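**Q** My structure is below; once you've seen it, I'll send some questions.
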Amino acid sequence: MKNALLFVAVFALFVGTGFVQSWNTALAIFNMGLISAILALGVNLQWGYAGLFNIGIMGFVALGGLASVIVTMPPTTEAWEAGGGRMIAALAVGAATVLGAILSRQRLPRGWARTLAMLGIIVAGFLIYRSLFDPARDAIEAVNPAGTGYLGGLGLPALVAWPVGAALAAGAAWIVGKTALGLRSDYLAIATLGIAEIIVAVLKNEDWLSRGVKNVVGLPRPVPYEIELQNTPAFVAQAQSWGADPVALSAIAVKLAYMGIFAGILITLIGLAQMALNSPWGRMMRAIRDNEVAAGAMGKNVKGRHLQIFILGSAICGLAGAMMTTLDSQFTPASYQPLRFTFLVWVMVIVGGSGNNLGSVLGGFLIWWLWVQVEPLGAGLMQVLTFPLPDGSALKDHLLGSVQHMRLLTMGLVLLLVLRFSPRGLIPEK
C-alpha cells in the first residue's frame, strides 16, 4: 500500500502540472520521466544487483544517441564518394592494428622479441591508419559543411535505431569491462568517468561521424512530426469538431504516441528485470554483491558475472540514449554533461531505492519532475520572498537572478532528507 501511494503521489505531480500549467508541458515532462526511469533501471542493475559504481553513464547514453544518427539519417552520397571508402579502410586498419598487437602479446613468449613485435605493429599500423584517415576525413567534411559534412546514416526506421543503440553501448561496455572491472570500486568509478569523457570528446570533434558540435537535426521519428499532422485535413477537421486548436492538439497527440511507446518499453524492461532479480541468477548476483570472497569460494566467476551485468546495464542506458535523441529529433554532443547524465541518474537510484527496480523507476519520475519544475517554482517563491524589498535592490536582483541554482539546492536537500529518514530509499530492497 505504501509503494502504491508513493506512485500515486508522484503521478499526481504530473496531473497537477497539466491542470496548473498545460497538458503539453505535463506530457513533455512525463515522457522524459519515462526515459529517466529506464536510465535509472539500467544503473540499478549495475549498482543494486552487483555493486558496480559506474559514473560513466553519459558515455553510453551518447553512444545510443550516435546510433540514432547512424541508423536513421539518410546517407550523404557525395561524402561517401569523396572519402567513404578510404574511411572504411582506415577504420579496418585501425582495428587490425589493435587486434594484431593483442594477438602478438598473447602468443609470443615474454621478452624483447614480443615487445619489439608489438611496437612495430602499433607504429606501422598507426602510420598506415593516419595516411588513410586524414585525407578521407578532410574530403568528407568538405562536402557541404554547413548542411552535411558527414557520412550520414543508413536511412532505416527510428525504431531500429533503439536496439542498435543498446548493442553499441553493450559493445563499448564489453571493452570497458574487460579493462576496468578488475579495479576496486573507486578506481572503477574514475576509469568509467574518464572513458565516458573520451567518448563524448570523440563525438564532439569527429565531424565526419556525426557533425560534431554542429549537431544533427531533423532526425526521423517513429511518430509523425507536429507539422505533418497540422497539414493533414482529417486531423484538422477532427480537432475543429472537438473545438480544439489543431496546433496544440498536434503537439499533445505526438507526445501521447511517444508516451505509449516509451511506457511499453519501460513495462517490458521492468518485467524482465524482476524475473532476473527473482531467478537463481539474480540471487547469485546479490550474493556476489554482498560478499565477493564468499561467492568466489563457492565457485562463482565473480569477474565474469560483473562483466555480464555491466554490459546489461550499459545496454539499457544506450537504449535510453537512443530514445532520448529520437524524442528530441536532434543529436547534440555538447549536451552530454555529467551533471545531467551521471549525478542526476544516481540521485534517482539512491532516492528511489537501490536494488529495487520499482524504487528506481519511482526515483526516475520524481527526480526528473523536480529537476524541471523547481526552477519555475523557485522563481515564484523568490518573487514572494523579495516582494517587500524595493525595486533595484542589490539583494533582490541577486536572489531573482540566482533562481536556476534552486535545482542543485533542491537535489541536495532531497538527497539529504531521504538518506536521513529512509537511508535505503523510498522503496527499499526487500
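**Q** State which residue pairs qualify: first residue over 16 Å from R130 (Cα atoms) and inside region 92-120, second residue of a type in the set (V, I, T) and part of a helix (DSSP H, G or I) in any location, beta carbons under 7 Å apart, and separation of 6 or more residues or different chains.
**A** What qualifies is G100/I121; A101/I121; A101/I122; S104/I121.
**Q** Give just the number: which of (1) assigned to a helix (DSSP H, G or I); (2) out of contact with any Asp or Glu (no Cβ under 6 Å at 6 or more places or on another chain); (3) under 28 Å from A62 (Cα atoms) does W208 not satisfy?
**A** Every condition holds for W208 apart from (2).
Per-residue answers, yes or no, for (1) surrounded by fewer than 23 Cβ atoms within 10 Å (Cβ to Cβ); (2) of a type outside the set (A, V, I, L, M, F, W, C); (3) not in a strand (DSSP E or B):
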| residue | (1), (2), (3) |
| --- | --- |
| G318 | no, yes, yes |
| A322 | no, no, yes |
| A379 | yes, no, yes |
| D391 | yes, yes, yes |
| Q404 | yes, yes, yes |
| P428 | yes, yes, yes |
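**Q** Return a yes/no flag: does region 160-178 have any residue that is surrounded by 13 or more Cβ atoms within 10 Å (Cβ to Cβ), closer than 28 Å to S210 by Cβ and among the basic types (K, R).
**A** No, the conditions are met nowhere in region 160-178.
**Q** Within region 140-152, can one find any residue that is part of a helix (DSSP H, G or I), in contact with a Phe, Trp or Tyr (Cβ under 8 Å, 6 or more places away or on another chain) and not aromatic (F, W, Y)?
**A** Checked region 140-152: at least one residue is part of a helix (DSSP H, G or I), in contact with a Phe, Trp or Tyr (Cβ under 8 Å, 6 or more places away or on another chain) and not aromatic (F, W, Y).
**Q** It is to be established whether one or more residues within region 211-231 are more than 20 Å from S335 (Cβ to Cβ), surrounded by fewer than 17 Cβ atoms within 10 Å (Cβ to Cβ) and of a type in the set (A, V, I, L, M).
**A** yes
**Q** Looking at region 337-349, which of its residues are crowded, with 24+ Cβ neighbours inside 10 Å and modelled with pLDDT of 90 or more?
**A** Those that are crowded, with 24+ Cβ neighbours inside 10 Å and modelled with pLDDT of 90 or more: V345, M348, V349.
**Q** Go through (1) in a helix (DSSP H, G or I); (2) of a type in the set (S, T, Y); (3) closer than 17 Å to N44 by Cβ for S354 and report which single condition fails.
**A** Evaluating S354 over (1) in a helix (DSSP H, G or I); (2) of a type in the set (S, T, Y); (3) closer than 17 Å to N44 by Cβ leaves (1) as the failure.
**Q** Name the residue, out of G243, G260, G264, G182, that is within 28 Å of S360 (Cα to Cα) and in a loop (DSSP other than H, G, I, E, B).
**A** G182
**Q** Restricting the first residue to region 370-395 and requiring it to be over 25 Å from V347 (Cα atoms), which pairs with a second residue that is loosely packed, with under 14 Cβ neighbours inside 10 Å meet a Cβ separation below 8 Å and a spacing of at least six or different chains?
**A** Hits for this filter: T386/S393; T386/L395; L389/L395.
**Q** Just for helices (runs of 4 or more DSSP H) wholly inside region 1-87: which have at least 3 residues that are at pLDDT 90 or above and loosely packed, with under 15 Cβ neighbours inside 10 Å?
**A** Of the helices (runs of 4 or more DSSP H) lying wholly inside region 1-87, those with at least 3 residues that are at pLDDT 90 or above and loosely packed, with under 15 Cβ neighbours inside 10 Å span 2-20.
**Q** Go through region 80-133 and give me each residue that's aliphatic (A, V, I, L, M) and more than 34 Å from the chain's Cα centre (by Cα).
**A** L108, A113, L116, A117, M118, L119, I121, V123, A124, L127, I128
**Q** Pairs, please: C-beta under 6 Å, at least 6 apart or cross-chain, first residue more than 21 Å from R221 (Cβ to Cβ) and in region 256-273, second of a type in the set (S, T, N, Q)?
**A** Matching pairs, first to second residue: I270/N357; A273/N357.
The values are calculated or read from the model by the stated rules, or taken from the named source; none is laboratory data. What you see is a predicted model, and the numbers here were worked out from it, not measured in a lab. Glycine gets a Cβ as well: all are built from the backbone with ideal geometry, and neighbour counts include every protein chain shown.
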